[in-house]
């Protein structure tokens, strides 16, 4: 029997995902109290409203996030973000995750979801999550991945790049190659090294390069 593993953070009002960016505002568009005046007795509905930036919770980056005029959320092929064979890279305790570590952990990554487990998600929702010492992929790790063409690369850290490197080599290299990026994953330590499939599907919103996803794995 298949087993589902939740890999995304829940979203709630005021959630701070990336330090300095505002959290979502969640409210009623139609409250149950107001609905009772519109429908038959005993019949009511609630319609919610949310105001959030695209980079909230666990989210997927498309090439349009980094490059003007490139594919946005409407151009994401389902076969590149859903039901993907997964590869787990255990980088727990590492900060600068390089090509040597990736090569040691994974051999065949082509068309797969490569998820890098650093353990940093334990800090999510606290000031420590945005610490400059957060784990990231090095430039040679990105070059190693680009040469092998995975479908997407995910990480359970505040950024797939070193936050101090404003050239953002990981975002630049991966997205330029059409490799999707998923950031702010969680509970990656629950995954086996292989034998699972990964899904992180965003809604099809024109003109946006990033949006929240429900990320999960299915083991068999």
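Considered as a group, the residues in the stretch 39-70 that are surrounded by fewer than 16 Cβ atoms within 10 Å (Cβ to Cβ) and touching a helix residue (DSSP H, G or I) at 6+ places or on another chain (Cβ under 6 Å) include one that is nearest to residue 13 (Cα to Cα), and that residue is 46.
Going by the conditions given, is residue 175 part of a loop (DSSP other than H, G, I, E, B) and either over 15 Å from residue 4 (Cβ atoms) or touching a residue at least 24 places away in the same chain (Cβ under 8 Å) (or both)? So residue 175 does not fit the description; no. Could we say that residue 150 is in the same structural domain as residue 68 (by TED's automatic domain parsing), exposed (fewer than 14 other Cβ atoms within 10 Å of the Cβ) and in a loop (DSSP other than H, G, I, E, B) here? Against the criterion (in the same structural domain as residue 68 (by TED's automatic domain parsing), exposed (fewer than 14 other Cβ atoms within 10 Å of the Cβ) and in a loop (DSSP other than H, G, I, E, B)), residue 150 does not qualify. Just to be sure I understand, how many residues within the stretch 102-147 are in a loop (DSSP other than H, G, I, E, B) and either at negative phi or crowded, with 23+ Cβ neighbours inside 10 Å (or both)? Result for the stretch 102-147: 15. Every test in (1) on the phi > 0 side of the Ramachandran plot; (2) more than 16 Å from the chain's Cα centre (by Cα) is passed by residue 184 save one, and that test is (2). All told, residue 19 meets the bar of being over 18 Å from residue 187 (Cβ atoms), surrounded by fewer than 13 Cβ atoms within 10 Å (Cβ to Cβ), touching a residue at least 60 places away in the same chain (Cβ under 8 Å) and in contact with a helix residue (DSSP H, G or I) (Cβ under 6 Å, 6 or more places away or on another chain).
The values are calculated or read from the model by the stated rules, or taken from the named source; none is laboratory data. Values in this document were obtained by computation on a predicted structure and should not be read as measured data. Methodologically, a virtual Cβ is constructed for each residue, glycine included, from the backbone with ideal geometry; neighbour enumeration extends over all protein chains shown.
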